[in-house]
Amino acid sequence: MLKPGDAAPDVTFARSGGDEVALSAFWREAPLVVAFLRHFG
Amino acid sequence: MTQGDAAQAQALCDRFGAPFPCLADPSREGYRTYGLKRGSVMEVMGPAAILRGARAASKGHFVERVRGDAFQMPGTFIIDRDGLVRYTRYARHSADHPSVEELIVALAMIREGERESPHA
């Protein structure tokens, strides 16, 4: 389990349109909230 | 972050008018990398999750069909601009999510820290 102070894993995910994006592309711009969900709604 | 494919993630964003990107992790590699595990029956469908679900339903929010692994546990993280984890919330049960207020406080603390040590 990660804890505060750990380096965040820079994982790449898919987004609509077919491309992929690494989380670091977001956190470099501003603090990032990543919510891993279980289902859709 | 969702378990479905990119089209499903986008549909979720569109449905709720999310002002942020909805990303997909159909293999759940990201879930595992962030330490999010499969829960037990009690963690996924136990009294705490049912009670929270009932409260949400009383406000008009309903759980729809789970796509992907129904036992995948959720979690929330805040990462600062240096790529450091600043907040973690590993759900204790399937409906255990941080409140918006809790996240706002955590973000405010990060911002306060940035004001004291301006980001290069």
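The values are calculated or read from the model by the stated rules, or taken from the named source; none is laboratory data. Bear in mind the structure is a predicted one, so any value in this text is a computation, not a measurement. All Cβ positions, glycine included, derive from the backbone under ideal geometry; neighbour counts span all protein chains shown. All accessible areas refer to the heavy atoms of the entire protein, side chains included, with ligands and DNA or RNA removed. Shrake-Rupley method; radii C 1.70, N 1.55, O 1.52, S 1.80 Å.
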Q) What number goes with the only condition from (1) surrounded by 14 or more Cβ atoms within 10 Å (Cβ to Cβ); (2) more than 7 Å from every other protein chain (Cβ to nearest Cβ); (3) among the charged types (D, E, K, R) that B:Asp14 does not pass? A) (1)
Q.
Looking at segment B:17-42 only, could you name the residues that are open to solvent by 100 Å² or more (accessible area, probe 1.4 Å), among the hydrophobic types (A, V, I, L, M, F, W, C) and over 20 Å from B:Ala95 (Cβ atoms)?
A. B:Phe20
**Q.** B:Gly53 farther than 19 Å from A:Met1 by Cα, modelled with pLDDT under 85 and surrounded by 13 or more Cβ atoms within 10 Å (Cβ to Cβ)
**A.** yes
Q) Residues of segment A:1-35 being touching a Lys or Arg at 6+ places or on another chain (Cβ under 7 Å) and assigned to a loop (DSSP other than H, G, I, E, B), which ones? A) A:Pro4, A:Arg28, A:Ala30, A:Pro31
Q: Return yes or no: is B:Ala9 closer than 20 Å to A:Val33 by Cα, of a type in the set (Gly, Ala, Ser) and within 16 Å of the chain's Cα centre (by Cα)?
A: yes
Q) Do we find a residue being open to solvent by 20 Å² or more (accessible area, probe 1.4 Å) and of a type in the set (Ser, Thr, Tyr) anywhere in segment B:62-82? A) no
Q: Scan segment B:99-106 and give yes if some residue there is surrounded by 17 or more Cβ atoms within 10 Å (Cβ to Cβ), at the interface with chain A (Cβ under 8 Å from one of its Cβ atoms) and either under 17 Å from the mean Cα position of the chain (by Cα) or at pLDDT below 85 (or both), otherwise no.
A: yes
Q.
What's the number of the only condition in (1) assigned to a loop (DSSP other than H, G, I, E, B); (2) surrounded by 12 or more Cβ atoms within 10 Å (Cβ to Cβ); (3) more than 7 Å from chain B (Cβ to nearest Cβ) that A:Arg38 fails to meet?
A. (3)
Q: Collect the residues in segment A:11-35 that are within 7 Å of chain B (Cβ to nearest Cβ), of a type outside the set (Gly, Ala, Ser) and open to solvent by 30 Å² or more (accessible area, probe 1.4 Å), keeping them in residue-number order.
A: A:Arg15, A:Arg28, A:Pro31, A:Val33
**Q.** Checking B:Pro26 against (1) farther than 19 Å from A:Thr12 by Cβ; (2) facing chain A (nearest Cβ under 8 Å), the condition it does not meet
**A.** (1)
Q) B:Val85 passes all but one of (1) on the phi < 0 side of the Ramachandran plot; (2) modelled with pLDDT under 95; which number fails? A) (2)
